[in-house]
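Have a look at the structure below, then the notes.
The values are calculated or read from the model by the stated rules, or taken from the named source; none is laboratory data. Values in this document were obtained by computation on a predicted structure and should not be read as measured data. When we count neighbours, we look across all protein chains shown, and the Cβ atoms used for this are built from the backbone with ideal geometry, even at glycine. Calculation scope for accessible area: heavy atoms of the full protein, side chains included, ligands and nucleic acids excluded. Shrake-Rupley method; radii C 1.70, N 1.55, O 1.52, S 1.80 Å.
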Amino acid sequence: MSYSSKSTTLPSITDLNSQSYDAFTSSINLLFEPAPPLATILYSCRPFTSYEHLISTATQIIFGNTNLQQLTFSQKLEVINAHPRLGENKKNLSALSLKEQGYLQNKNDTNDSSSSPATPLLTNEDEIVNSKLQSLNQQYEQKFGFRFVIFVNGRSRKEIIPILEDKLQNGNQEDELNRGLLDMMNIASDRLKKLVSS
């Protein structure tokens, strides 16, 4: 899936609660990436008091800690597979994923609104790292049956390689699925903080 330049602004929680299904889904994709099974259940759980409440509800739905409708195993796979692969081709990444994976860097580090926009950067080292990640991603998906998702949290793609290698060596499917889904919720919370502060 190729991403066009879409809005990276969340509506107010009041507006989100009153949106049509399509608009609601488009809005929460900023936090969760396009994950229809999760979006459908969240839509039926409105109204939310805050975006934190939305993410908390999503976490409860995923992990079954609520009397709300739960995701089946195949729906959990669809949700985790909605997240882009680390080292993915840049044209297949959302604007937020580009930033999280370290592809975008501001030409100026100031908060000046007149500063140049972020530009994609790709070096020879990036290409080597991405090639390694693509190989490891393929092995991971063959072993576990879903994409490797991790809350990068400021680490470079290169720093993720030994973590992915360790998961391939020592991980099991159930633990990896739960860890990956929890990391998706951590990514959503981190995105929310960044979207609110921007």
Could you figure out which of (1) in contact with a Lys or Arg (Cβ under 8 Å, 6 or more places away or on another chain); (2) among the hydrophobic types (A, V, I, L, M, F, W, C); (3) assigned to a helix (DSSP H, G or I) isn't true of F148? (3)
When you go through L54, L98 one by one, which is the residue that is assigned to a helix (DSSP H, G or I) and modelled with pLDDT of 95 or more? L54
Here is a check on your reading of the model: is K6 open to solvent by 60 Å² or more (accessible area, probe 1.4 Å), outside any loop (DSSP other than H, G, I, E, B) and at pLDDT below 95? no
Test for Q60: is it of a type outside the set (F, W, Y) and closer than 19 Å to F151 by Cα: yes
Looking only at region 30-51, which residues are in a helix (DSSP H, G or I) and either farther than 22 Å from L192 by Cα or not aliphatic (A, V, I, L, M) (or both)? F32, P36, P37, T40, Y43, S44, Y51
Could you identify the single residue in A58, A23 that is without any contact (Cβ under 8 Å) to a residue 24 or more places away in the chain and of a type in the set (A, V, I, L, M)? A23
Tell me, yes or no, whether region 64-72 has at least one residue that is out of contact with any Ser or Thr (no Cβ under 6 Å at 6 or more places or on another chain), assigned to a helix (DSSP H, G or I) and either closer than 20 Å to I187 by Cα or in contact (Cβ under 8 Å) with a residue 24 or more places away in the chain (or both). no
